[in-house]
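The next block holds one structure in the form of C-alpha cells; read it before the comments.
Just so it is clear, none of the values below were taken in a lab; they were calculated from the coordinates. Because the structure is a prediction, the values reported are computed rather than measured. We place every Cβ from the backbone using ideal geometry, glycine too, and count neighbours over all the protein chains shown.
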Amino acid sequence: MIGSVPEDRRCIVVGAGLLGLSSAWALSRRGWNVVVLEAAAGPGHERSGSKGDARIFRLGYPEPHYAEMAVLARAGWRDLEAATGRPLLHVTGQATLGDEVTLRAIADALAAAGAPVEQLSATAAARRFPGLVAAGPMLVEPDSGVLAADACLQAFQQAGTFELRTRSVVTSLRQSTDSATVTTADGTSLQADVVVDCAGPASLGLLEVTPAAGSAPSLPQVAYFAARRDGDVVPPVFIEWGDAMVYGLPVPDGGPHAGTYKVACHTPGSPLEAFDPADPAPLAGDDPALLAPLTAAVERLLPSLAPRPVATERCVYDNSTDTDFVLDRVGRVVVGCGTSGHGFKFGPLLGELLADLAEGRRPVVDLDRFRLHRTPSPAGGSPTASH
C-alpha cells in the first residue's frame, strides 16, 4: 500500500468521461466516498473524447499486452451489464484487413490471449462478407463487436454510488503528504485522500508535469453512411491496418445515428489548439481533406453503402506521443489520460487499474509502458484504431 488509507476513504475524480466514470464506479464499489467534478454540463458533452453512440470493441491487437487487456475489459463490460440490466456490448464479429505481417501478429496475439480467430482468403472473404471488399487475406475475430458508447457512460453513473457535480471547472490541484486539494473556478476547495485526474487533454496541465509521453490533442473526422437501398447487406465491423487505418462499424439502436454505418480513419487529424471542455460551442466544422478519404474508403471497400455521408462530426483525441495510455500515480494524485483514440473498449479495466493505483495496490496489468515518465516508442509506430 502507498501511504495510509483511512476507513472513510475520500476521492475526488476530475472529469466525467470514460476514465473518470469508470474509476468512480470502481472506487465506489470498493467503499470509497467519491465526488466526480465535470467541467461541462454532463458526461458525453461536445468536447468529450467519450461522446457518441458507438465504439468498436475488439480483442485483436498486434501486441499481446493489449489483447490480454481487452479480454479482461470484456469481463468488466459484462459485469456492468449485469449491474444495470443494460445491453452494452453487442458481439457482431469483425473483419480485419492488412498486410500479412500485421495479420500474423494479430492472430498470434489473439491466440496467446485465448481468443478465437480465423483467417480467410480473399475469395472466401468475399463469400462470407459481400458487404466488404477484401483485396487480400482477412482475419475474422468472432468475439469483437460494438459498444453502445452513450449507454456505457450512463451505465457507469447508474451502477456507481458516487456524486457527480457538473459545471465544476477545476483550476488547481495541490497535494501534501497526507491529502490532495482541488479548487474550482467558483472558489470552492475540496480535500480528499486521493485525487484521480482524468481531465482528458487538460490532465497533465493540472498535474503540472511535462512527461515525455505527452502530446497535443487533435480533431479527427467521423462520418456516417446509409445503405444504398433498403435490404442491402450491412457491412461488418472492420479495420484496415495501414497508414490511414480506416475502420467502420454499424451503429446500434438507441442513439442519434442508429441504423447508419460509422467510418473514420484512426489518424490524429488536425491539431486542437485550445482545449476548453466547458465551452458549449460546437467543435470545428468538417475538414474536407479529412472527409475525402472516408468517402473514398466507402467507394473502395463498402459497396452496399451510398458514398455521401448522411451525418458528420468531429471528435477529440487525447493523445500520447506513442499511443500508449498514461496510467500512473504521483504522490496523492493518480492520472489517467492519453488514450489516443483507442481507450474506450478498455473502460471498466482502466477504471479498475486507476482504482488500484489510488489504493496503492499492485494492478493486475503491468503498467510500466503506461508510466508518465517513460521512453516513448516512435510516434505512429503502432497505430491502434478503435474510436
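A few remarks follow.
- The range 134-260 - convex hull of the alpha-carbon atoms, volume per residue in Å³: 216
- Over the range 230-343: Kirkwood hydrodynamic radius from C-alpha pairwise inverse distances, Å: 16.5
- Taking Phe275, Phe225, Phe346 and counting other C-beta atoms within 10 Å, the order from fewest to most: Phe275, Phe225, Phe346
- Ordering of 354-364, 29-39 by packing is 29-39, 354-364, highest average first (other Cβ atoms within 10 Å, averaged per residue).
- Compactness of the range 1-138 as Cα Rg over 2.2 N^0.38 Å, two decimals: 1.38
- Listed residues Thr92, Gly205, Gly343: farthest to the positive end of the dipole of the chain (Cβ charges): Thr92
- Counting only Cβ charges, +1 for Lys and Arg and -1 for Asp and Glu, the dipole size of the chain around its Cα centre is about 420 debye.
- Listed candidates [x] 19.7; [y] 46.0; [z] 17.8 - label of the one calculated as mean projected area of the Cα convex hull in nm²: [z]
- Whole-number D in µm² s⁻¹ for the range 62-154, Kirkwood Cα-pair radius fed into Stokes-Einstein, 20 °C, 1.002 mPa s: 148
- Among the GluC sites (Glu not before Pro) in the range 190-286, those located in a DSSP loop and surrounded by at most 11 other Cβ atoms within 10 Å of their own Cβ are Glu208, Glu273.
- Degrees, to the nearest 10: 64-84 long Cα axis against longest axis of the chain: 70
- Taken along its three principal axes, the alpha carbon spread of the range 62-114 comes to 41, 20, 13 Å, from the longest extent down to the shortest.
- Taking Ala199, Ala226, Ala292 in turn, the Gaussian network model of the chain (Cα-Cα springs below 10 Å) assigns the largest fluctuation to Ala292.
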